[in-house]
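First the structure, in the form of structure tokens, and then the observations on it.
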Amino acid sequence: MTGPTAPTDPTGPVPAPPGCPAHAGAVPLSGLEYQQSPSRLYPSMRQEHGAVAPILLDGDIPAWLVLGYAEVTCVTGHDELFARDSRRWNQWGAIPADWPLMPFVGHQPSVLFTEGAVHQRRAGVITETLEGVDQFELAHWCRQIAEQLIDSFAGSGRAELMAAYAHALPMRAAVLMCGMPARGADTDDLVRDLRIALDAAEGDDPVAAFGRVRERIQRLVKDKRGTPGPDVTSRMLAHPAPLTDEETVQDLVSIIVGAQQPTANWICNTLRLLLTDDRFALNVSGGRLSVGQALNEVLWLDTPVQNFIGRWAVRDTLLGGRQIRAGDCLVLGLAAANTDPQIWPEGYTGAENWAHLSFGNGEHRCPYPAPLLADVIARTAVETLLEQLPDVVLAVEPDELSWRPSIWMRGLTSLPVRFTPVVP
């Protein structure tokens with residue numbers, strides 16, 4: 001693999017690279033073609049712009065999409081040049097209060113936006129709190145949840161797995177870890193509002209939905225202050241490096257968001273591949289590929305988090321031959337980086353290689369052991385479904401499946417299947 005190189009840290013003015021003004025020919029990060037088949041656009045973007053492409057976000061707000069594997073690892077590995085505090089952004093004067101991406105970039109007292117010693121303290125609390133989750137117990141919970149969900153539709157011989165299984169299972173597991181009931185109206189409402197906040201459909205209000213998510217977690221923190229239990233929320237509140245209630249709320253939201261939406265799409269993208277790709281399905285059924293390896297291959301080929309916004313340049317620098325100005329926003333193209341031809345020149349990705357960027361990289365990567373817990377949830381979900389419904393097949397033609405209209409998350413709108421009905 002190509003190793004990252006440190007970005008330029010100029011002591012004087014940065015020379016203008018070819019192609020200035022910087023955002024001439026900027027690519028809108030929107031539109032049906034990009035939303036449905038983003039991987040088809042990455043080669044042309046690389047050919048025209050290189051490893052760092054000028055893009056336009058909603059409302060024609062300029063930013064940079066980092067496409068190269070080496071460049072993404074470089075950005076995420078150099079916090080002194082590319083930091084997480086979005087208040088540095090030089091475009092705030094052009095951003096309306098109801099901007100659709102405000103839940104992603106509006107500064108919050110969350111671990112996601114902290115830096116330096118503050119980030120290390122907050123991330124350390126999350127890491128030590130999640131280490132208290134017994135992975136065998138989590139697998140047992142997930143198995144129970146999976147069987148309950150499958151029982152609810154097994155007798156019909158048909159199901160829509162995205163809503164009935166892939167989304168519901170990680171959400172129930174996540175809230176159970178945090179001390180909420182695994183089932184009930186609160187959980188259902190939380191799932192709905194998280195979807196709206198992360199992937200708003202036409203007519204949805206993502207800012208309001210995100211506010212409702214925070215309100216529900218605020219009630220959870222208040223409850224656990226009074227009645228602690230053996231759960232993530234209680235351990236965060238009791239940690240010797242104390243967090244304020246607001247910090248706890250924000251970091252719990254980050255944990256639940258990270259556990260639910262990406263894991264749900266990871267499960268569904270793996271099931272889609274198993275149901276539509278004969279090579280993939282035969283390798284798993286024949287034992288040449290474990291479910292764990294299959295899940296890892298999906299992270300290379302169809303990672304749930306396609307793009308992540310983002311990093312903000314601390315000062316003028318060069319990246320991938322592009323002049324990056326202080327305060328510029330960089331969107332991390334995780335899907336593009338994972339399929340970078342510089343690291344896979346033959347177009348092959350190995351299921352045994354774990355160096356993908358799907359969980360991020362550097363100080364702000366998904367905190368350990370969160371990726372291990374997500375793997376437990378996803379692996380249990382896929383294994384249980386295949387065991388319980390061994391003859392499950394797609395109920396529509398593969399080309400009838402449609403992807404959610406999102407530039408951030410990669411997931412299907414639905415995954416309809418059929419199978420032999422299972423009579424209790």
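Counting only residues that are at pLDDT 75 or above and in contact with a Pro (Cβ under 6 Å, 6 or more places away or on another chain), how many does the range 4-58 have?
4
Considering each of A159, A146 in turn, give the residue that is over 30 Å from L29 (Cα atoms) and in contact with a strand residue (DSSP E or B) (Cβ under 9 Å, 6 or more places away or on another chain).
Exactly one of A159, A146 is over 30 Å from L29 (Cα atoms) and in contact with a strand residue (DSSP E or B) (Cβ under 9 Å, 6 or more places away or on another chain), namely A159.
Mind listing whichever residues of the range 62-102 are β-branched (V, I, T) and open to solvent by less than 10 Å² (accessible area, probe 1.4 Å)?
Within the range 62-102, V66, V72, V75, T76 qualify.
Going by the structure shown, is A335 under 20 Å from H167 (Cβ atoms), assigned to a helix (DSSP H, G or I) and within 14 Å of the chain's Cα centre (by Cα)? Lay out the reasoning, then the answer.
Numbers: under 20 Å from H167 (Cβ atoms): no; assigned to a helix (DSSP H, G or I): yes; within 14 Å of the chain's Cα centre (by Cα): yes.
No, not satisfied.
I want to confirm something. Restricting to the range 167-186 and keeping residues that are among the small types (G, A, S) and under 15 Å from V133 (Cα atoms), which single residue is most open to solvent (accessible area, probe 1.4 Å)?
Restricting to residues being among the small types (G, A, S) and under 15 Å from V133 (Cα atoms), the top hit is G179.
Just the residues that are assigned to a loop (DSSP other than H, G, I, E, B) and modelled with pLDDT of 95 or more, please, taken from the range 298-319.
Hits for the range 298-319 are V314, R315, D316.
Can you tell me which condition V396 does not meet? The list is (1) of a type in the set (A, V, I, L, M, F, W, C); (2) touching a strand residue (DSSP E or B) at 6+ places or on another chain (Cβ under 8 Å); (3) touching a residue at least 24 places away in the same chain (Cβ under 8 Å), and all the others hold.
(3)
Enumerate the helices (runs of 4 or more DSSP H) found wholly within the range 27-136, keeping only those where 1 or more residues are over 28 Å from E246 (Cα atoms).
Filter on the range 27-136 gives 32-36, 38-49, 69-76.
So, L237, is that one out of contact with any His (no Cβ under 8 Å at 6 or more places or on another chain), open to solvent by less than 40 Å² (accessible area, probe 1.4 Å), modelled with pLDDT under 90 and of a type outside the set (G, A, S) or not?
Spelling it out, it is not the case that L237 is out of contact with any His (no Cβ under 8 Å at 6 or more places or on another chain), open to solvent by less than 40 Å² (accessible area, probe 1.4 Å), modelled with pLDDT under 90 and of a type outside the set (G, A, S).
Which of the residues that make up the range 209-234 are surrounded by 14 or more Cβ atoms within 10 Å (Cβ to Cβ), assigned to a helix (DSSP H, G or I) and over 21 Å from the mean Cα position of the chain (by Cα)?
Answer for the range 209-234, where residues must be surrounded by 14 or more Cβ atoms within 10 Å (Cβ to Cβ), assigned to a helix (DSSP H, G or I) and over 21 Å from the mean Cα position of the chain (by Cα): R216, Q218, L220, V221, D223, K224, T233, S234.
Sort through A326, A351, A374, A381 and tell me the only one that's modelled with pLDDT under 95 and either in a loop (DSSP other than H, G, I, E, B) or surrounded by 17 or more Cβ atoms within 10 Å (Cβ to Cβ) (or both).
Of A326, A351, A374, A381, the one residue that is modelled with pLDDT under 95 and either in a loop (DSSP other than H, G, I, E, B) or surrounded by 17 or more Cβ atoms within 10 Å (Cβ to Cβ) (or both) is A351.
Taking T276 as meeting all but one of (1) modelled with pLDDT under 90; (2) among the polar types (S, T, N, Q); (3) closer than 21 Å to R404 by Cβ, write down the number of the exception.
So T276 meets the others, but not (1).
Being in a loop (DSSP other than H, G, I, E, B), touching a strand residue (DSSP E or B) at 6+ places or on another chain (Cβ under 9 Å) and open to solvent by 60 Å² or more (accessible area, probe 1.4 Å) is true for just one of P405, P390, P421. Which residue is that?
P421
Can L81 be described as within 19 Å of L29 (Cβ to Cβ), of a type outside the set (D, E, K, R) and in contact with a strand residue (DSSP E or B) (Cβ under 9 Å, 6 or more places away or on another chain)?
Numbers: within 19 Å of L29 (Cβ to Cβ): no; of a type outside the set (D, E, K, R): yes; in contact with a strand residue (DSSP E or B) (Cβ under 9 Å, 6 or more places away or on another chain): yes.
Here the answer is no, as L81 does not meet what is asked.
Can you run down the residue pairs with Cβ atoms below 9 Å, 6 or more apart or on separate chains, where the first is in the range 36-50 and polar (S, T, N, Q) and the partner is in a helix (DSSP H, G or I)?
What qualifies is S39/L301; S39/A335; S39/A336.
I'd like the residue in the range 155-166 that is crowded, with 19+ Cβ neighbours inside 10 Å and of a type in the set (A, V, I, L, M, F, W, C) and, out of all such residues, is farthest from the chain's Cα centre (by Cα).
Among them, the one singled out is A159.
The values are calculated or read from the model by the stated rules, or taken from the named source; none is laboratory data. Everything numeric in this text was worked out from a predicted model, so none of it was measured. Cβ coordinates were reconstructed from backbone atoms using ideal geometry, including for glycine residues, and neighbour counts include every protein chain displayed. Calculation scope for accessible area: heavy atoms of the full protein, side chains included, ligands and nucleic acids excluded. Shrake-Rupley method; radii C 1.70, N 1.55, O 1.52, S 1.80 Å.
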